[in-house]
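Every number in this text was worked out from the coordinates using simple rules, so none of it is lab data. Everything quoted here is computed from the prediction, not taken from an experiment. No Cβ is skipped: glycine too gets one built from the backbone with ideal geometry, and neighbour counts run over all protein chains shown.
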Amino acid sequence: MEGDQLEALDFPSEALHPEVTVVVTGEPPGAIEEESENEEEEETPAEVIDLLSLLDVLRVSAVMEDIIDQLSILGYIIPVQYERKQSVSQKSSHEGTSVVSSARKTSLTKERSAVPETKQRGLDSVLKKPTRQTMMTLETLKKIQNDRQYFSDVIANAMSEMQDSGSFKSLLEALGTERDKKMNFHEAITREEKGRREIKSLQKQLIDVKRERQMQVQKLEEKLEFWMEKFDKDTEAKQNELNALKAAKATDLSHLQDLAKTIREYEQVIIEDRMEKEKTRKKMEQDDLELKSIVKLQAWWRGTVVRKEIGGFKMPKKEKDDGKDSKGKEKDKRRGKK
């Protein structure tokens, strides 16, 4: 088909980009791997210059157009609709050469007839799956749709640039960008794996620390339980002892009150006995005094009666000498004085 299209062209090949200069810039794959080892060395991007004929340009354009068509068909086959913008490269591809555009229109006309049927089958298959699997499938399809749109835009831009200036520098730049993204992605994966290992190590340390703390807490709880039990036992023993002491104190107090009452009774008895003895002693003294007084009074009265010869009491008369009479008179006088 490409040979027929080339033969159908009426203008000479020298008029359409007789020579195409292809400039490849960037780092070779080996330099990316050795970048970490040779960070201080200066790296100069290698440049590869090659000349492409008009036939090669047309072949590359046809291949790119075929890729764009396949990506477009893939977008219609995927049973998920996404809103996306139409790229400038797709507009320029529609405004390209008449041979390439006619081929694309023919392929699209043939393949769009099968879109509703395939689309309906895809939707039915999605609806029949479980919800979780459907969500994962939708995320995967969304990523596929984004990647397809990106590749389609890159290829369309490269094809437009090739048709305009005869070079595909944008494609090389896109490849370099993707290479950088891939390196960044690998670095991110490496960092993530390292972070996961660190997280696992920290989780293990955390589990060990938790286990150790749990053992310590268990030991402390056992000690606390032991001391609480001991405290309860000691408190109960002391309370029993205190109750016994209170009971003994109450008993002693009652006995002491009884003793005090008995002592007061004894003191009252002693006081009464002393008073009774004192009364008896005073009465005996009074009786003795009265008896002595009575005896004295009787002796005096008897003496008076005898001396004065009162009543039938008379002194017997005796004859004595004069000397004796004088002495007797003196004695009588003395007695009378007394």
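For this structure, a couple of remarks:
- Computed E for Thr177/Leu138 - FRET, C-beta separation, R0 22 angstrom, nearest 0.05: 0.20
- Pairs from Lys238/Lys261; Lys283/Lys308; Lys142/Lys182 whose Cα-Cα separation, in the structure shown, is over 28 Å: Lys238/Lys261; Lys283/Lys308
- If R0 equals 45 Å, the separation of the Cβ atoms of Leu206 and Lys233 corresponds to a calculated FRET efficiency of about 0.70.
- Spin-label pair Asp273/Leu259, simplified geometry with 7 Å Cα→Cβ offset, distance in nm: 2.0 nm
- Separation of the Glu198 and Trp301 label points, Cα + 7 Å toward Cβ, nm: 14.5 nm
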